[in-house]
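**Q** Here you go, one structure.
The numbers here are math on the coordinates, done by the rules we state, and not lab data. Nothing here was measured: the structure is a model prediction, and the numbers come from that model. Here the Cβ positions follow ideal geometry from the backbone for every residue, glycine too, while neighbour counts run over all protein chains shown.
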Amino acid sequence: MSFETILYAVGNNILTITLNRPDKLNAMTPLLLSELKEAFQQADADPTVRVVILTGAGRGFCAGADLAAASELMMKGGFSYEENLNATYNPLILTMQRLQKPIIAAVNGVAAGAGMSLALACDIRIAAESASFLQAFVKIGLIPDSGSTWMLPRLIGMTKALELMLTGQKVTAAEALTLGMINQVVLDAALVSTVQNMAQQFAAAPTKAIGLIKQAMSFAMTSTLEAAMKNEAALQGIAGKSADHLEGIAAFFEKRPAAFRGE
Ligand code: T3D
């Protein structure tokens, strides 16, 4: 797979997508947005991919929308944030959220604006000690977008989410961990190996069940208890028919590790 603004590498059932505009802290241009969405669509279609790692090249994870590209479009006239968000950022975030495979954000540096939304849209966030997070939008007179208003309060609660959005203050990786925004902070030098270890575990996990867990949790976030349980039952019906479920049961009784194939 060849892209201009991202790197796409698959090996051992692990896909690593690297945002690759390091001199601009991987700020998102229209091309990067469309390539990233295409990469997640490929991940969805490729049965050999059982987990995705999203990271950034250089010292940043992602600095959000490329402001140079945005102002160029504005200068040309006729640019609408509403139309642009609906056409580019929103489909990308939904593609990530609907992917039936786990996504690990390896947050190697600053995640700002929609770059922070991108990290929040992943299922697991592991940050390097030097990484940071900021809802940069308000600093340029915009409001949080790309799902931040939905995801951040669900992760850390309304009080702190609103404070971060209203002030645009930078949150260190250690603070993000305390807030419950991320799963783990590691030494910068240990980021790659920590994320690889976790990815290897997911690559050997029952991928179908993992996809269904994502689906069930996402549904439950906006449903009643009754509806959530009904949905759990329906999705359990699907999981219960998977080859990996049979393998899990067999491995339990044979007292051996399960060899899940993601089927
Ligand atoms: O439809 C739509 O497009 C709406 C969508 C909006 C979504 C959004 O994401 S809005 C928010 C956009 N992002 C920002 O406002 C963040 C802007 N960047 C910063 O505040 C800072 O760069 C950081 C706090 C992220 C990092 O600061 P620092 O000091 O570590 O790095 P720096 O020196 O500011 O940046 C390094 C380079 O990256 C620099 O380029 P240069 O001068 O060396 O050629 C800088 O201009 C560039 N860069 C950083 N962020 C962006 C960027 N270039 C374009 N767009 C950026 N967002």
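**Q** Between the helical axis of 67-76 and the dominant principal axis of the chain, each derived from Cα atoms, what acute angle in degrees is found, rounded to the nearest 10?
**A** Roughly 60 degrees between the two axes.
**Q** Pull out the extension gain between THR167 and MET75, defined as 0.36 nm times the separation in residues minus the alpha carbon to alpha carbon distance; nm, one decimal.
**A** On the way: separation 92, 0.36 × 92 = 33.12 nm, distance 2.79 nm.
Extra length from THR167 to MET75 when fully extended: 30.3 nm.
**Q** May I pose another question? Counting pairwise Cα distances across region 131-263, what percent come out greater than 22 angstrom?
**A** 59 percent
**Q** Multiply the residue gap between ALA68 and ALA259 by 0.36 nm, knock off their C-alpha separation, and tell me the result in nm, one decimal place. Show your work: numbers first, answer last.
**A** Numbers: separation 191, 0.36 × 191 = 68.76 nm, distance 4.90 nm.
Length gained, ALA68 through ALA259: 63.9 nm.
**Q** Rounded to whole Hz and in sequence order, give me ³J(HN,Hα) for region 78-84 from the Karplus expression 6.51 cos²θ - 1.76 cosθ + 1.60, θ = phi - 60°, writing x for Gly and Pro.
**A** Per residue, the Karplus-derived 3J(HN,Hα) values read x, 7, 10, 4, 4, 5, 5 Hz.
**Q** Pull out a ≥ b ≥ c, the square roots of the eigenvalues of the alpha-carbon gyration tensor of region 11-94, then state rounded if a/c is under 1.5, prolate if not and a/b is larger than b/c, and oblate in the remaining case. Spell out each step's value before the answer.
**A** Values: a/c = 3.43, a/b = 1.63, b/c = 2.11.
Cα axes put region 11-94 in the oblate bin.
**Q** Could I ask something else about it? How would you rank 248-258, 189-199, 115-125, 231-241, highest first, on the average number of other Cβ atoms within 10 Å across their residues?
**A** 115-125, 189-199, 231-241, 248-258
**Q** Between LEU85 and ALA189, how many nm apart are label points set 7 Å from Cα along the C-beta direction?
**A** For LEU85 paired with ALA189, the spin-label model returns 4.3 nm.
**Q** I've got another one for you. With a ≥ b ≥ c taken as the square roots of the eigenvalues of the C-alpha gyration tensor of region 185-263, please select rounded if a/c is under 1.5 and otherwise prolate if a/b is larger than b/c or oblate if it is not? Walk me through the intermediate numbers first.
**A** Values: a/c = 3.07, a/b = 1.23, b/c = 2.50.
Taking the square roots of the gyration eigenvalues as a ≥ b ≥ c, region 185-263 is oblate.
**Q** Here's another thing I want to ask about it. If packing is taken as the average number of other Cβ atoms within 10 Å across a peptide's residues, how do 41-54, 77-90 rank, most packed first? Walk me through the numbers before you get to the answer.
**A** On the way: 41-54: 18.8, 77-90: 13.1.
In descending order of packing, they fall as 41-54, 77-90.
**Q** Taking 0.36 nm per residue of sequence separation and subtracting the Cα-Cα distance, how much length would be gained by fully extending the chain between SER218 and ALA250, in nm to one decimal? The partial results should precede the final answer.
**A** Values: separation 32, 0.36 × 32 = 11.52 nm, distance 2.99 nm.
In short, 8.5 nm is gained.
**Q** Only helical DSSP H runs with n ≥ 4 go in: add -39500 (n - 2.57) per run for the chain, normalise by residue count and round the 222 nm mean residue ellipticity to 500 deg cm²/dmol.
**A** Numbers: 12 runs with 125 residues, N = 263.
Taking each H run of at least 4 residues, the total per residue is -14000 deg cm²/dmol.
**Q** Sticking with this one: Give the angle, between 0 and 90 degrees and rounded to the nearest 10, that separates the Cα long axis of helix 243-253 from the longest principal axis of the Cα atoms of the chain.
**A** The angle comes out near 60 degrees.
**Q** Still on this structure, please answer the following. With a ≥ b ≥ c taken as the square roots of the eigenvalues of the C-alpha gyration tensor of the chain, please select rounded if a/c is under 1.5 and otherwise prolate if a/b is larger than b/c or oblate if it is not? Don't skip to the answer; put the middle values down first.
**A** Working: a/c = 1.69, a/b = 1.56, b/c = 1.08.
It comes out prolate by the Cα gyration axes.
**Q** Additional query: In what sequence, highest mean first, do 58-65, 155-162 appear when ranked by Cβ atoms within 10 angstrom? Don't skip to the answer; put the middle values down first.
**A** Values: 58-65: 24.6, 155-162: 14.8.
Output ranking for 58-65, 155-162: 58-65, 155-162.
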